[in-house]
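To start, the structure under review is shown below, and the notes come after it.
Each value in this text was obtained by applying a stated rule to the coordinates, not by laboratory testing. What you are looking at is a predicted structure, and each value in this text was computed from that prediction instead of being measured. Counting neighbours? That spans all protein chains shown, and the Cβs are built from the backbone with ideal geometry, glycine included.
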Amino acid sequence: MSIPTEPIGSLPRTPALLDALAEQATGLSEIQVRAVADTLAQLEKLGSPVLVDGDQAKPSTITYPLTGLATAPDGAVIPFADGHTRQLPRLTSGPFRHQVRADVYLKQARELTDLPVKQSVVAPSALSLLYPAQGIDGYTRQAFLEDVVAQSEAEIRACLDAGAHCVQLDFTEARLALKLDPSGGLLDEFIALDNRVLERFTEDERARLGVHTDPGADMDSTHSLDVDYAGLLPKLFQLKAGNFYLQTASESDPERVLRIVAEYLPAGSRVFVGVIDPLDPRIETAEEVRDRVLLAARHIPVDQLGTCDDAGFAPFADDTSTSRETAFAKIEARVRGTELAAEALGL
């Protein structure tokens, strides 16, 4: 395929895995391995050129490194448009250390397939939200952030060394930052922190690094879709990454977003535009996806263009708002629609 296409990451957990999680069953790791194997097999069957493990073994895309860390449950609250919330843990003592690194998931997946596997990791900016406003005795915020940067770098390097096709930083808090602080100060802090990690990699290494952003996607709701993308995109493209994965399918005016992308996309970087809306229960047709890709190609050079889903389908393990069957049908539409667009462009 001459236009690359990739999943974002999370997929609905298998029924057996959901049952095991609900029952806190023994032998959970075996069930997770089977869920990963099934996910990889289904993506391969659909013709996906790049695979993901669907985050089947992660409790969430944010909290997977934290199990066993000294935390309390009363951390930052993320409100969603439908009224539900997600609450992050609060760090209670230092030093901050990843208890689980994403290369563990990657190595497991690569044992089950010979195709390229992409690995998503939590962005340092998201981890920065764990530190409480009142501080921690004997552990300054500056020391915490230095630990976050070191730990994030080590995790990304481990994934690259383990053969990841691409390592994707999940930066869903970017647009939310503008909602919490419309002045842009918080977003600037997030960008600067993430760049402290990205700048530690060579240009060749950054060609295998990507950043994904969306307005949140949990239980068919968002946390910041009402925030104008125009305030985010120019700053987002300051990140030192070779690839950017953007939610665009669910935008009310996707062409406006594409015009902004075309203006600020750095030379040599690739943007994967979202052509599938995971929050929409309707399954897009391949022709609909084709037309979305062709619209993007009017504004973005084809050699800098790729396609993706707007977001993961189940970033939290308990999110059953989309069925596994629907998610795979949508992914198939993305793969086939991208192929149709490439043919229409004569590629």
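Our summary gives region 209-330 a relative contact order of 33 percent, counting only alpha carbon pairs under 8 angstrom and 6 or more residues apart. Would you compute the Debye intensity of region 145-224 from its alpha-carbon atoms alone, equal scatterers and no solvent, and pass along log10 I(q)/I(0) at q = 0.25 Å⁻¹ to two decimals? Each listed q maps to, in turn, -1.17. Only helices reaching 27 angstrom along their own axis (Cα) with mean Kyte-Doolittle hydropathy no lower than -0.5 count here, and for the DSSP H runs of the chain these are 141-161, 324-344. Coupling constants for region 116-125 follow from the phi torsions by the Karplus curve (6.51 cos²θ - 1.76 cosθ + 1.60, θ = phi - 60°), and in residue order they are x, 10, 8, 10, 8, 9, 6, 6, x, 4 Hz; glycine and proline get x. Name the long-range amide H neighbours of ASP318: under 5 Å, sequence gap of 5 or more, or other chain; modelled H, no Pro or chain starts. The list, which skips near neighbours in sequence, is empty: none. Taking 20 Å as the limit for the C-alpha separation, the pairs LYS58/LYS179; LYS118/LYS179; LYS118/LYS240; LYS179/LYS330 exceed it in the case of LYS58/LYS179; LYS118/LYS179; LYS179/LYS330. Of the trypsin sites (Lys or Arg not before Pro) found in region 244-347, those that fall in a DSSP loop while having at most 11 other beta-carbon atoms within 10 Å are ARG282, ARG298. Entry note, the chain: the mean residue ellipticity at 222 nm calculated from DSSP H runs of n ≥ 4, each adding -39500 (n - 2.57), is -11500 deg cm²/dmol after division by the residues and rounding to the nearest 500. Here the spin labels are modelled as points 7 Å beyond Cα on the Cα-Cβ line, and at ASP114 and ASN195 they lie 4.3 nm apart. In a DSSP loop and with at most 14 other Cβ atoms within 10 Å, the GluC sites (Glu not before Pro) in region 134-238 are GLU199.
Here the spin labels are modelled as points 7 Å beyond Cα on the Cα-Cβ line, and at SER2 and GLU325 they lie 3.7 nm apart. With both residues required to sit in the chain, DSSP beta bridges show an antiparallel share near 25%. Report the residues of region 81-107 in range of a label on ASP137: point 7 Å along Cα→C-beta, backbone N strictly under 13 Å from it. Only 93-94 fall inside the zone, counting backbone N under 13 Å. For THR5, the residues whose modelled amide H falls within less than 5 Å of its own, excluding neighbours fewer than 5 places apart on the same chain, are THR307.
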